[in-house]
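Remarks on the structure that follows.
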Amino acid sequence: MRRGFLAIAVSLAVLALISAPTACYLSRGAWEEAKILSRRQPISEIVADPRTPKDVREKLKVVLAAREYAKDSLRLRTKDSFTTYSRLDHDTLVLVVSAAYRDTLKPYTWWFPIVGRVPYKGYFDFAAARKDAKNLAADGFDVYVRPSDAFSTLGFFNDPLLNTTLKGDSLSLANTVIHELTHNTFYASGQAPFNESFAMFVGARGAAAFFRSRGQQAAAARLDAEWDDDKLLARFWTRVIRSLDSAYAAHPSDKSARIAVRDTVHTRTRIALVSEIAPQLKTISPLYAERVTLNNAALLARRVYASDLDVFDLIYEKEGRDLKRSIGRIIGLAKANPKAPFAALRNWVGKVNDN
């Protein structure tokens, strides 16, 4: 606990050297993190407390078990993350803002110490999130605002489980824990799509393996079906991005024409989502296809979490469906080519196929 507050104090001293807006934003983040850390309670004590509701107790047991599975079977870096619980004053952790140019598939990005440049920004101050989103829209950007119920400090602090995450069922809890512990284990600076897509893969495959290890085949099958849906949507979004890129390329110097074709592509995307993709989804309601936000910011935000998901599964297959070996292989390849980790993964798969 003291180490956590000391780290925050040191961070704030460093922030004094950074531009004022970024310093204020990060200072607010540090303050909120301090509150989260100050409210930590050992999960083991909550589980042992007879006053704890049975459903909460069972969920917390799953969190502890998934954490141990990630540590022992997957060799993820756990430290003391997810051994404690913190309750927030609200049911949403942060609002995440993404923005993108309307006439090209280029994200608006923010730079932060350590993690580098990222295409999203999380806000503990919801009013500030909405204000900045409104300002970005007024400046001509597509904007996408969404809630998040979990985040990782990349191992700098021992992240507690939050009440915002505990809202989910046992399957999503196990997935979230393993996803976030993947960030603790490896995070490539400035490579947000790789980091999030890698964590999506490990969270999905890891949670399924965890429930199989407990003999809970139905839970594992459900997680496999969810992962199939994730990959289906990832392929679809990749197809839409390529279509939009081609449409933009046809009008290299006419901004109004580029915005017009953007609108046309998104209209066609909605039709394809409803008629082609929704009938194939196994675990996602068809209403998703009708209601999901469609603009460049939302599209690029989805690409961050769903880039080339199939290549991770190809490595998984090449490694004999051994997830621990697959994780080690992926991290090794990414470290060998830090500026282009996806290319490193694809090249390795290609070489293995050639042999």
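The values are calculated or read from the model by the stated rules, or taken from the named source; none is laboratory data. Predicted, not measured: the structure shown is a model, and the values here were computed from it. So basically every Cβ, Gly included, is an ideal-geometry build from the backbone, and we count neighbours across all protein chains shown. Heavy atoms of the whole protein, side chains included, go into the accessibility calculation; ligands, DNA and RNA do not. Shrake-Rupley method; radii C 1.70, N 1.55, O 1.52, S 1.80 Å.
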Filtered residues of the range 277-301 (kept if part of a helix (DSSP H, G or I) and either open to solvent by 70 Å² or more (accessible area, probe 1.4 Å) or among the small types (Gly, Ala, Ser) (or both)): Ala278, Pro279, Gln280, Leu287, Ala289, Glu290, Arg291, Ala297, Ala298, Ala301
Within the range 248-271, considering residues that are in contact with a helix residue (DSSP H, G or I) (Cβ under 9 Å, 6 or more places away or on another chain), among the charged types (D, E, K, R) and touching a residue at least 40 places away in the same chain (Cβ under 8 Å), the one farthest from Leu300 (Cα to Cα): Arg258
Of all residues making up the range 36-83, the number that are assigned to a loop (DSSP other than H, G, I, E, B), small (Gly, Ala, Ser) and surrounded by fewer than 15 Cβ atoms within 10 Å (Cβ to Cβ): 1
Meets criteria (at pLDDT below 95 and over 23 Å from Leu300 (Cα atoms)) for Leu181: yes
Evaluation of Leu309 against (1) touching a helix residue (DSSP H, G or I) at 6+ places or on another chain (Cβ under 6 Å); (2) open to solvent by 10 Å² or more (accessible area, probe 1.4 Å) (one fails), failing number: (2)
Residue within the range 180-195 that is under 15 Å from Lys324 (Cα atoms) and open to solvent by 40 Å² or more (accessible area, probe 1.4 Å) present: yes
Subset of the range 86-116 (residues that are under 19 Å from Pro160 (Cβ atoms), open to solvent by 20 Å² or more (accessible area, probe 1.4 Å) and of a type in the set (Ser, Thr, Tyr)): Thr92
Index of the failed condition, Asp230 passing every other in (1) in contact with a helix residue (DSSP H, G or I) (Cβ under 8 Å, 6 or more places away or on another chain); (2) open to solvent by less than 30 Å² (accessible area, probe 1.4 Å); (3) among the acidic types (Asp, Glu): (2)
Which listed residue, of Gly350, Gly328, is in a helix (DSSP H, G or I), free of Cβ contacts under 8 Å to residues at least 12 places away in the same chain and open to solvent by less than 80 Å² (accessible area, probe 1.4 Å): Gly350
Filtered residues of the range 154-179 (kept if more than 21 Å from Arg57 (Cα to Cα) and open to solvent by less than 10 Å² (accessible area, probe 1.4 Å)): Gly155
